[in-house]
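Reviewing the structure listed below.
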Amino acid sequence: MIKKVLIANRSEIAVRVITACREMGIKTVAIYSEPDKLSRHVSLADEAYQLEGQPQKVYLDAAQVVEIAKKCGADAVHPGYGFLSENPEFARNCADAGIKFIGPKPEIIHRMGSKVESRRAMEAAGVPVVPGTTDPVNSADEVKKLGAQYGYPIAIKASAGGGGRGLKVVRTEAEAESAFTAAQREGASYFGSGEVYVEKYLDHPRHIEVQILGDEHGNVIHLGERDCSTQRRHQKLIEESPAAKLDPKVRESLLAASVKGAKSLGYTSAGTFELLVAGKEFYFLEVNTRVQVEHPVTEYVTGIDIVKEQIRIANGEQLSVKQEEVFFRGHSIECRINAEDPYKNFMPAPGTVKNFSEPRMPWVRVDSACYSGYQILPFYDSLLAKLIVWGRDRKEAIDRMKLALSEFKIEGVATTIPFHLAELDDPKFIDAETYTTYIESEFMKGFIANAPKPAPPAVPGAAAGSPPAAANGAGSNGHGAAVTEKVGPYNFEVEVDKKTYKVAVHEFVAPGAPVARAGSVSAASAANVKGRSLDRPSKTASKGGSSSGRVKAPMHGVVKELLVELGSAVTQGQKLLIFEAMKMESEVVAPKAGKISALNAKQGDTVETDHVIMEISD
């Protein structure tokens, strides 16, 4: 009998699992990186243990997590999503230590974690798959041959990838070389495998997924489907259940095919079959062997707690419901509220959340670990909260979501709330006519065109010799200069005599003085910094200016890859390095031509905003 669960994760999903365990009377154990010590999941758990190592890597340290689980006497480990959730070796290590892994068997995770193996398994089970290779592709020349065979566009996918990472779309033969290299690099970097495969790329499909539950007694059921077509560069933004305007026969077929595929695997625990739907055809995409980010919409329309079912299954119990007992009521929508600026190409926005006030309505659910004063860390993804609503039909759900979004107050950082409000008013979304690339190919152009105009600069006082009114109640700075803006606060923790104090520092800026805000890029460079999801790095101009030749970090993050060496000759606009912040990559380019005369960071280093990574001499 499971009495204590270690949650091998952080933030929102860790809070979600802790809540389910508390409801079931199960003790919980949190783990955390050093910067995460004030996180909500840490305070909610019955016990908490700090992980040792680099913040961006410690949640992937399987050996350390298992050791903590043994140390604290945990009966089971819940991996959540991301991190170690689809790592078969971690699941196996838990089993070897006598600890129950709350998820599928290691061999199932292994088979479904490989895009190649999963395709083979589904083909054998009679589930339709997208035309493509079942063997890994080893060169760009092979990619070109397959492009000629299938017809462009084609997709190169990291075999162990997911969430759009390690996926490159190739539309012409000329793109094959760079796309192949990039897919391999991302697969090796994020999933530990550079193996890739190729399949036909469908340009305007819908992304439909089926929630599966299977127990250890051979019972497998589905909990309906979700539409996840509203996404940007393969990162989901809005999910809903059921899928609107889905042909009833297609729905029936894809639900049956997913159950059939799960039974053929001997699948246990919660899982998701992801499918592409084009017209009246559907194709298998992949199986996610874990709980999904968007699981709450299914819980809303079925009334079934998926996390609690996972725990019961791991405890050896049968499913709490049979297929004929699953009923679907109404419509549910989820919006992912990310710390990203949608008006700046969804650039990450690390910083401090000054005010966090959730909407409180009877048909609203918020899954979050955020709070006022919450520090958004650059090491992890940008998800702040999941806002979920329920309505009796899709129209009511849309109306309620708009109301909930308008009542959701998050101050101090940019968020995706303006994007969601605009998307919910979009005619194509309202008519359920969106597809997987609709946001970048159609919607964003109009969204950016309607972006709010920036506020005009402060106007000096009209009376000669009299200072302008000070903002935020500030007056003179004591040296005869009027203060027009109070910047900050910048939040720090200071340790004195082994006691930690929280310190907030405000900066008072005189008229005309440049303002460099914590957690953001300078105004001069903001237009040049374009964050993108990992499937396609963007180009970021260095912040040092063409005259200085200094190449600075655009924000707090990691030097993912250095593309030049000390002494290298470079041309203006040449790619110098790949920079990562909040799971988003940017290519940093040379501000001028010259020679690399100084290197002040190495690959893998975490650097602060404006850190001079390298210098270019004339």
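The values are calculated or read from the model by the stated rules, or taken from the named source; none is laboratory data. Note that the structure is a prediction, hence the values are computed from the model and not measured. Don't worry about glycine lacking a Cβ; one is built from the backbone with ideal geometry, like all the others, and counts go over all protein chains shown.
Quick notes on this one:
Each row is one residue, and each column tells you yes or no for (1) in contact with a helix residue (DSSP H, G or I) (Cβ under 9 Å, 6 or more places away or on another chain); (2) hydroxyl-bearing (Ser, Thr, Tyr); (3) farther than 28 Å from TYR435 by Cα; (4) buried (at least 23 other Cβ atoms within 10 Å of the Cβ).
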{"position": "TYR267", "(1), (2), (3), (4)": "yes, yes, yes, yes"}
{"position": "ALA270", "(1), (2), (3), (4)": "yes, no, no, yes"}
{"position": "LEU275", "(1), (2), (3), (4)": "yes, no, no, yes"}
{"position": "GLN318", "(1), (2), (3), (4)": "yes, no, yes, no"}
{"position": "GLU334", "(1), (2), (3), (4)": "yes, no, no, yes"}
{"position": "ALA339", "(1), (2), (3), (4)": "no, no, no, yes"}
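- In region 76-90, the qualifying residues are those that are farther than 11 Å from VAL65 by Cβ and within 22 Å of the chain's Cα centre (by Cα), and the one that is modelled with the lowest pLDDT is GLY82.
- Filter result (at pLDDT 95 or above and among the hydrophobic types (A, V, I, L, M, F, W, C)) within region 285-310: VAL287, VAL291, VAL293, VAL297, VAL301, ILE304, ILE306, VAL307
- Where CYS228 falls short, out of the listed (1) in contact with a helix residue (DSSP H, G or I) (Cβ under 6 Å, 6 or more places away or on another chain); (2) within 27 Å of LEU383 (Cβ to Cβ); (3) buried (at least 20 other Cβ atoms within 10 Å of the Cβ): (1)
- Within region 256-298, the set of residues being touching a strand residue (DSSP E or B) at 6+ places or on another chain (Cβ under 9 Å) and more than 24 Å from THR134 (Cα to Cα) comprises THR268, SER269, ALA270, VAL291, GLN292, VAL293, GLU294, HIS295, PRO296, VAL297, THR298.
- Residue in region 6-25 that is buried (at least 18 other Cβ atoms within 10 Å of the Cβ), without any contact (Cβ under 8 Å) to a residue 24 or more places away in the chain and of a type in the set (Asp, Glu) present: no
- Any hit, region 430-451, residues being of a type in the set (Asp, Glu), in a helix (DSSP H, G or I), surrounded by 21 or more Cβ atoms within 10 Å (Cβ to Cβ) and at negative phi: no
- Applying the criterion of being over 21 Å from the mean Cα position of the chain (by Cα) and surrounded by fewer than 20 Cβ atoms within 10 Å (Cβ to Cβ) to the residues of region 49-61, the residue that is nearest to ILE18 (Cα to Cα) is TYR49.
- The residue list VAL220, VAL196, VAL210 contains one member that is surrounded by 22 or more Cβ atoms within 10 Å (Cβ to Cβ) and not assigned by TED's automatic domain parsing to the domain that holds LEU421, which is VAL196.
- Just one of (1) surrounded by 15 or more Cβ atoms within 10 Å (Cβ to Cβ); (2) of a type in the set (A, V, I, L, M, F, W, C); (3) over 26 Å from the mean Cα position of the chain (by Cα) fails for ILE109. It is (3).
- Residue, nearest to GLY192 (Cα to Cα), within region 152-181, restricted to residues that are surrounded by fewer than 24 Cβ atoms within 10 Å (Cβ to Cβ) and in contact with a Pro (Cβ under 8 Å, 6 or more places away or on another chain): SER159
- Test for SER189: is it under 26 Å from ASN345 (Cα atoms), surrounded by fewer than 23 Cβ atoms within 10 Å (Cβ to Cβ), under 24 Å from the mean Cα position of the chain (by Cα) and touching a residue at least 60 places away in the same chain (Cβ under 8 Å): yes
- Filter result for PHE90 (buried (at least 23 other Cβ atoms within 10 Å of the Cβ), touching a strand residue (DSSP E or B) at 6+ places or on another chain (Cβ under 8 Å) and closer than 22 Å to GLY166 by Cα): yes
- Considering GLU123, GLU117, the condition of being surrounded by fewer than 17 Cβ atoms within 10 Å (Cβ to Cβ), closer than 30 Å to GLU173 by Cβ, in contact with a Lys or Arg (Cβ under 9 Å, 6 or more places away or on another chain) and charged (D, E, K, R) is satisfied by GLU117 alone.
- Within region 240-275, the set of residues being among the hydrophobic types (A, V, I, L, M, F, W, C) and under 24 Å from GLY113 (Cβ atoms) comprises LEU254, LEU255, ALA257, VAL259, ALA262, LEU265, ALA270, PHE273, LEU275.
- Residue within region 573-580 that is in a loop (DSSP other than H, G, I, E, B) and crowded, with 18+ Cβ neighbours inside 10 Å present: no
- Conditions (1) surrounded by fewer than 19 Cβ atoms within 10 Å (Cβ to Cβ); (2) on the phi < 0 side of the Ramachandran plot; (3) touching an Asp or Glu at 6+ places or on another chain (Cβ under 8 Å): number failed by ARG329: (3)
- Only listed residue being of a type in the set (Gly, Ala, Ser), out of contact with any strand residue (DSSP E or B) (no Cβ under 8 Å at 6 or more places or on another chain) and under 12 Å from ALA179 (Cβ atoms), chosen from ALA155, ALA140: ALA140
- Yes/no for VAL116 being assigned by TED's automatic domain parsing to the domain that holds SER178 and in contact with a strand residue (DSSP E or B) (Cβ under 8 Å, 6 or more places away or on another chain): no
- Residue count, region 198-225 (criterion: in contact with a helix residue (DSSP H, G or I) (Cβ under 7 Å, 6 or more places away or on another chain) and of a type outside the set (D, E, K, R)): 12
- Checked against the criteria, SER85 does not count as in the same structural domain as CYS21 (by TED's automatic domain parsing), hydroxyl-bearing (Ser, Thr, Tyr) and free of Cβ contacts under 8 Å to residues at least 60 places away in the same chain.
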